[in-house]
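One structure below.
The values are calculated or read from the model by the stated rules, or taken from the named source; none is laboratory data. A quick note: this is a predicted structure, and the numbers were derived from the prediction, not measured. Every residue, glycine among them, receives a Cβ derived from its backbone with ideal geometry; neighbour counts consider all protein chains shown.
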Amino acid sequence: MVDVADISTGIHTTFSAAAPNVTAQLFGSGLIGLREGLEAGIIVMVLIAFLVKSDRRDALKWVWLGVGAAVLMTVAVFLTIQYGTYTVTGLAAEAIAGIASLVAVAIVTSMVLWMRKASATMSGELRAGMSKALETGAFAVFALAFLAVGREGVETALFMVGFAEAETSWPLLGLLIGVLAAAAIAWGMYAGAVRINLAKFFKYTGVFLILVAAGVLSYGIGAMQTVGWLPGLGSKAFDISGAFDWSAWYGAVIQGVFNVTPTPTVLQLVCWLAYIVVVLALFLRPTSAPKPAPATDASADAPKDSEQSTLSERSNK
C-alpha cells in the first residue's frame, strides 16, 4: 500500500526542483505583462483620446479611477494565486493547482481567441460605449474603464498561475516591469513618438501565450494525475532528463516559462500537442477583413496616429 505522506514528500521535491529560477520568472512574467499591458494601454489610450477630442476632460478622473481599481483587482487576483496555495500542502495543494491550471487555460484560451476576432472593431465599440457612459453619468464612465481594463488584468493574473510554485516575489516584479514598459510604449504611441507594427506584435506574442497556456495545461494534467483524478501517472512518454543540463539557465527558462518537464506522462504529452495544434490553427487561420464602417463624428475621435493606437484594420492582417 502506498504511503500518502511519501507521495506528498515526493511531489514537493519534484516540483521544488522544477521551480523556475529568477531569470525564468522575470522573463516569462515580464513578457506576459508587456503583452497584456499593451492591450490594456491601448484601451486606456482610446478612451482618453475620445474624451480629449470631445472636450470632456472633466471625465478623465473617472477613467483613471476605473483603471486604478482594475489594477488593484489584478494584483489581488495574482497574489491570491501566488500565495493562496501556501495554506495547504501535499495532495490538497496539487488538487488546487491542477483545478486552477485547467480553469486558467480555459478562460485564457477563450480570451485570446476572442481578442483575435474582436480587436478589429474594439476601438469603435469603446468610443461608442464611452459616448453612452457620458450620457449616463460618472459611475458609468468608471465602470466602463474598470471592466475594459479589468478584463485584460484578470487574463494576465490567470496566465501567472504557471508561476505559483515559485514561492518568491520575482514573478510579481517581472509582471510589474512588463506592465510599466507597456504603459511607456502606449503613452509614446499616443504622443506619436513610438511606432510599432501592432499586427505582428500581437501575432507573435499571441503565439507565445498559447505555448505558455499549453504548458499550464500539461502542468494541470500532471497535478490531476498525481492526486489520482486522472489515470496514467506511471505511463511516461519519454525521459529526456539527460539530453542536456536542465539545471542550466536555458533549462530553467524552458521549464519555468513553458512548464516543460523532461519526463511527461503520455496523457500530458497528448494534451499538450493537441492543444497547440488546435489552438494555434484557430489563432493563425486567415480572416476576412471587416467591412469599413460609415464615417461618423465618433470615428474622428481616434487617438493621434490611429494606425499605431488601435488594433482595428491591422490586427488580423
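Values for this structure:
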item	result
Tabulated pairs, region 106-134, first closer than 15 Å to residue 202 by Cβ, second at pLDDT below 90 and among the polar types (S, T, N, Q), C-beta under 6 angstrom, 6+ apart or interchain	119/315; 120/312; 120/316; 123/310; 123/312
Count - residues of region 126-140 that are assigned to a helix (DSSP H, G or I) and surrounded by fewer than 14 Cβ atoms within 10 Å (Cβ to Cβ)	4
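Residue-by-condition table, conditions (1) in a helix (DSSP H, G or I); (2) of a type in the set (A, V, I, L, M); (3) modelled with pLDDT of 90 or more; (4) crowded, with 22+ Cβ neighbours inside 10 Å:
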{"site": "75", "(1), (2), (3), (4)": "yes, yes, no, no"}
{"site": "78", "(1), (2), (3), (4)": "yes, no, no, yes"}
{"site": "83", "(1), (2), (3), (4)": "yes, no, no, no"}
{"site": "94", "(1), (2), (3), (4)": "yes, no, no, yes"}
{"site": "124", "(1), (2), (3), (4)": "yes, no, no, no"}
{"site": "143", "(1), (2), (3), (4)": "yes, yes, yes, no"}
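Yes/no matrix, rows are residues, columns are (1) modelled with pLDDT of 85 or more; (2) in a loop (DSSP other than H, G, I, E, B):
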residue	(1), (2)
186	yes, no
196	no, yes
200	no, no
212	yes, no
217	yes, no
223	yes, no
228	yes, yes
231	yes, yes
